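A short write-up of the structure that comes next.
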Amino acid sequence: MEIHYLTAHQLKDMLEKRQISCTEIVKSVYLRIEEVGDRLNSYVRLEKESALSRAGEVDKLISAGSDIEDFMGIPIAVKDNICTKNITTTCASRILENYIPIYNATVIDRLESRNYILTGKANMDEFAMGSSNENSYFGAVKNPWDTDRVPGGSSGGPAACVAAGEAVCSLGSDTGGSIRQPASLCGVVGFKPTYGMVSRYGLVAFASSLDQIGPLTRDVEDCAAMLNIICGYDRKDSTSINVEVPDYKSFLKADIKGMKIGVPKELMVEGIDREVKEAVYRTIKLAEDMGCIVEEISLPSLEYALSVYYIIASSEASSNLSRFDGVRYGYRNMEARTLREMYRRSRAEGFGDEVKRRIMIGTYCLSAGYYDAYYEKAQRVRTLIMGDFKKAFEKFDILISPTSPTTAFKIGEKMKDPLTMYLSDICTIPVNLAGLPAISIPAGLSGSKLPIGLQIIGNVLREDNVLKAAYSLEKAIGFTGKPGL
Amino acid sequence: MESISKDNVKHIAELAELEFSEKDIEKITSQIERILDHVANVSSVNTEGILPTSHVLNIKNVFREDMAEESVTQESALKNAPDEANDGFKVPKID
């Protein structure tokens, strides 16, 4: 197979056996990026020159006899809402078009200590708000499997570039499904860790009680290896959990005999494509063949998850995005004569439609007279949703569902009606509300050759069960599809 | 729940420090109305005796020793400033 389609662990083996140099790896990925050209628009910025020079340094380290650690010399794309020191971090927004962070996100420091190679900053929905990557100031991202279709969002760039061979893996962020849904639509693996396992320091905040950084990779093994690097306590993030970090790679065992799997019926109902359902049921059958006990389960409060999410996420966003006022960084309208006029015009001109819509919804839900009916009510229902999951995990080790109700939809198809777009995240949103770990793995292709994703959800801090099941099912499914791009 | 008027939306825009053209107000009013109408189904849930969750983790205030550490320099803090004067951020006059 082409070098640009190998996994990080395959490349590591080749580096160890001196079958390839890091410079060759980086060059082949950039060759692929040039070959793909502007057909996907998955990057907002490339870092070719620094990537090649770092590759040369890594090659020197290797020839000097340095141990080759996971992701050493591996080309990785980073979503453009994760701060990279001295490299623009735009959140795909006009308001941050020229913003150059003066510090690294903690995850970037951790990857740098492993001598990773940054390919570039990946495109996304503006401020991570969207499910199709059509809300980018820098233009929509296309799906590598069919360029008339969306790659999903908001981490559309990170998913598309891994699927198309424009990076070996990538980092995304997930607030309501923004890693898992695009991973599903692009046929790659995407993981959202337990809330608090990965430091949010340096991740431009959207909804702080829901946001979590995670990897997008070509297989579950790379995913586990990436979790080993990015998970762990960080004193710079007050919501970081201080627990011992396990060796996630130790959970890569194809043995799930006796595992109890729940299938939430609320995530298998109306609106789910027939082919998506069939793929999930096929996988369930595989799990049963491997000795798992599978049962349907009801989590009644999930019916309200979408509403709870849009109230809470928009409320938190309206508060978080108040920092973009044209004073300290970001776009400023230079004609404004007074301070408030400057705030308003900078924000009106700097933010795109969807971001403004969510700021408006959030401001409304938090405003006097409506706070109790919307925001506080949503927080109470959130408690019920968490309770339903808690009860489910008393009986089951993992829960299984589709990741996305449909395969990739057409560009423009859902842009007219925000609410239809929001429904794309119906299966992923409940997981963020409860802070749970969940993965999306490819479960096959539809009749029209579009990837279908399977979601595996674990209890809080039970990444072990999620990874074990994902690794076993990945082997059983045997998905090897690549886009014909 | 009550319907939302254009004046409501203008008021919210003011609170959010945003502005919309008359044409856009029309559009966003109907979109907000439709979204709020959908999310209002939470009102039908019985939450008597249920406490609100603001955060999934059972975390308390995080304290640290009050020790001086290296911090951002003035120069780097001003690096992204749209306008500056006398080592500070410069803004239009406060009305």
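The values are calculated or read from the model by the stated rules, or taken from the named source; none is laboratory data. Everything numeric in this text was worked out from a predicted model, so none of it was measured. Please note: Cβ atoms are built from the backbone with ideal geometry, for glycine as well, and neighbour counts cover all protein chains shown. Accessible surface areas use protein heavy atoms only, side chains included; no ligands, DNA or RNA. Shrake-Rupley method; radii C 1.70, N 1.55, O 1.52, S 1.80 Å.
The figures follow:
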{"item": "Per residue accessible area in Å² of the protein assembly as shown, where ligands, DNA and RNA are left out and the probe is 1.4 Å", "result": "40"}
{"item": "Modelled FRET efficiency - R0 51 Å, residue A:475 with residue A:368, Cβ distances, 0.05 increments", "result": "0.35"}
{"item": "Relative counts (whole %) of C-alpha pair distances in segment A:187-312, using bins that are 5 Å wide", "result": "2, 9, 12, 14, 18, 19, 16, 8, 2, 0"}
{"item": "Centre separation in Å (Cα based) which lies between segment A:1-35 and segment A:231-247", "result": "32"}
{"item": "Summed side-chain charge close to residue B:84 - residues other than residue B:84 whose Cβ falls under 12 Å, Lys, Arg +1, Asp, Glu -1", "result": "+1"}
{"item": "Interchain or long-range residues, amide H under 5 Å from residue A:408's placed H", "result": "none"}
{"item": "Reach of residue B:6 by Cα under 15 Å, taken over aspartates and glutamates that are not fewer than 8 positions away in the same chain", "result": "B:14, B:19, B:22, B:24, B:26, B:33"}
{"item": "Segment residue A:238-residue A:349, length gained on full extension (0.36 nm per residue, minus Cα span)", "result": "36.7 nm"}
{"item": "Estimated translational D of chain B in µm²/s (Stokes, Kirkwood radius over Cα pairs; 20 °C; 1.002 mPa s)", "result": "111"}
{"item": "Interchain or long-range residues, amide H under 5 Å from residue A:293's placed H", "result": "A:258, A:259, A:260, A:261"}
{"item": "Accessible-area ranking of A:13, A:59, largest first, probe 1.4 Å", "result": "A:13, A:59"}
{"item": "Principal-axis tilt of helix B:6-15 within chain B, Cα atoms, nearest 10 degrees", "result": "20"}
{"item": "Extension reserve of the residue B:79-residue B:94 stretch, reckoned as 0.36 nm per residue once the Cα distance is removed", "result": "3.1 nm"}
{"item": "All lysines inside 17 Å of residue B:60 as judged from Cα atoms, apart from same-chain residues fewer than 8 positions distant", "result": "A:236"}
{"item": "Accessible area of chain A belonging to carbon and sulfur atoms, whole % at 1.4 Å probe", "result": "47"}
{"item": "Subset of A:60/A:249; A:192/A:395; A:27/A:85; A:121/A:377 violating a 26 Å alpha-carbon distance limit", "result": "A:60/A:249; A:121/A:377"}
{"item": "Estimated FRET transfer efficiency when R0 is 41 angstrom, pair residue A:288-residue A:114 (beta carbons, to 0.05)", "result": "0.60"}
{"item": "Spatially proximal lysines relative to residue B:93 (Cα-Cα < 27 Å; intrachain offsets below 8 disregarded)", "result": "A:356, B:10, B:79"}
{"item": "Kirkwood Rh and Cα Rg combined as Rg/Rh, segment A:303-378", "result": "1.07"}
{"item": "Average beta-carbon neighbours from other chains, 10 Å sphere, peptide B:13-24", "result": "6"}
{"item": "For segment A:264-284 and segment A:406-425, distance of Cα centres in Å", "result": "18"}
{"item": "Cβ neighbours within 10 Å from other chains - mean over A:261-273", "result": "0"}
